[in-house]
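Peer 1: Pasting in a structure now, in structure tokens, and then I'll have a few things to ask.
Every read-out reported here was derived from the displayed coordinates using simple, explicitly stated rules and does not represent laboratory data. Worth saying up front: this structure is predicted, and the values here are computed from it rather than measured. Backbone-built Cβ (ideal geometry, glycine too); neighbour counts: all protein chains shown.
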Amino acid sequence: MDPRLTLNPNNRITSIEMHSRGTTNWNTDYASFYKDIEVNIALIQNSCDHLDKQLKLIGTPKDLAELRDRILIIYQKTNNRIRNTGENIEGLHTVFSTGDLQQKINVDKIKRNYFNVIKHYVSVQKRIVLAARQSDKLFWDTNKESNQQDGKETIARESFDSMSDQWQQKGDCLLLKRQEILRLMELEILDINEIIINLVSGLVNDHSWQLGK
């Protein structure tokens, strides 16, 4: 993007800046925003593909805290990329507001691609969390049955909180670690939902996105 272009905190260009720039600069800014968004969409798709691979490991012997940590990091990085891409789309909207019909068609297309990849990403997120919950329940039930059979402790009448202290004393806090990371993963899903709601609300209320206007 043109280094002379300064965005305000909301990533929007002021009307004074808009009128002070020429057509050539606007075309350059449009191309810059558009390219950045295309790259980010591809990176978000790569994150989805990587998460699909991690999903296959949930519930296997490789389903350790380290695996959950890797997934959480992908969630956090991808959420930030989606947020930044949304801001770029808002910036692109400002730049192309005086553009021709073809530019508006291109922007509408890339906007659809953006929301489609978000839809895919959120779907993978939810499938991972569901699989992780099921895996943890199986882990808990298996551990409970094993302890009951060994006669070491009666787990059926004890709460998870009281059992967690006993597990920590034994040095066996695998499930506790996994569930803590799972809780953080669920918070990231809430975060991406908020990002989507804010973005959709802003675009829906902005009628200049409509083709032909």
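Peer 1: Want the number for LYS56 to ALA31: 0.36 nm per residue separation, take away the alpha-carbon distance, what's left? Please list the in-between numbers first.
Peer 2: Details: separation 25, 0.36 × 25 = 9.00 nm, distance 3.85 nm.
Extending this stretch completely gives an extra 5.2 nm.
Peer 1: Could you check the spin-label model distance between GLU194 and LEU72? Points 7 Å from the Cα along Cα→Cβ, value in nm.
Peer 2: 1.8
Peer 1: Give me a comma-separated list of calculated 3J(HN,Hα) values for the stretch 58-67, in order, Karplus coefficients 6.51, -1.76, 1.60 applied at θ = phi - 60°, integers in Hz, x for any Gly or Pro.
Peer 2: 5, x, 9, x, 7, 7, 10, 4, 4, 5
Peer 1: Tell me, what HN-Hα J-couplings in whole Hz come from the Karplus equation 6.51 cos²θ - 1.76 cosθ + 1.60 at θ = phi - 60° for each residue of the stretch 176-181, using x for Gly and Pro?
Peer 2: Whole-Hz 3J(HN,Hα) from phi for the stretch 176-181: 4, 5, 4, 6, 5, 5.
Peer 1: Given charges of +1 on the Cβ of Lys and Arg and -1 on the Cβ of Asp and Glu, with all other atoms neutral, how large is the dipole of the stretch 89-130 about its Cα centre, in debye to the nearest 20?
Peer 2: On the way: 7 positive and 3 negative charges, 65 e Å.
The dipole of the stretch 89-130 has a size of about 320 debye.
Peer 1: Something else now. Report the extension gain between GLU87 and SER201 in nm, rounded to one decimal, defined as 0.36 nm multiplied by the number of residues separating them, less their alpha carbon distance. Show your work: numbers first, answer last.
Peer 2: On the way: separation 114, 0.36 × 114 = 41.04 nm, distance 1.32 nm.
My answer for the length gained is 39.7 nm.
Peer 1: I would also like to ask the following. Got a sec to turn the phi values of the stretch 122-138 into Karplus ³J(HN,Hα) couplings, 6.51 cos²θ - 1.76 cosθ + 1.60 with θ = phi - 60°, whole Hz, x for Gly and Pro?
Peer 2: 5, 4, 5, 3, 5, 5, 5, 5, 4, 5, 5, 4, 5, 5, 5, 5, 5
Peer 1: For the pairs LYS35/LYS109; LYS35/LYS104; LYS35/LYS119; LYS62/LYS137; LYS56/LYS126, note any where the Cα-Cα span goes beyond 18 Å. Please list the in-between numbers first.
Peer 2: Values: LYS35/LYS109 13 Å; LYS35/LYS104 15 Å; LYS35/LYS119 21 Å; LYS62/LYS137 16 Å; LYS56/LYS126 14 Å.
Beyond 18 Å: LYS35/LYS119.
Peer 1: To continue, here is another question. What list do you get for TYR34, TYR121, TYR75 if you sort them by fewest beta carbons within 10 Å? Walk me through the intermediate numbers first.
Peer 2: Numbers: TYR34 19, TYR121 22, TYR75 25.
In increasing order of surrounding Cβ atoms, one gets TYR34, TYR121, TYR75.
Peer 1: Count the net charge of all other residues whose Cβ sits under 14 Å from the Cβ of LEU43, scoring Lys and Arg as +1 and Asp and Glu as -1.
Peer 2: Details: positive: LYS35, LYS77, ARG81, ARG83; negative: ASP36, GLU38, ASP49.
Here the count lands on +1.
Peer 1: Any chance you could run the full-extension gain for GLN134 through PHE115? It's 0.36 nm times the residue separation minus the Cα-Cα distance, nm to one decimal.
Peer 2: Extra length available between GLN134 and PHE115 comes to 4.0 nm.
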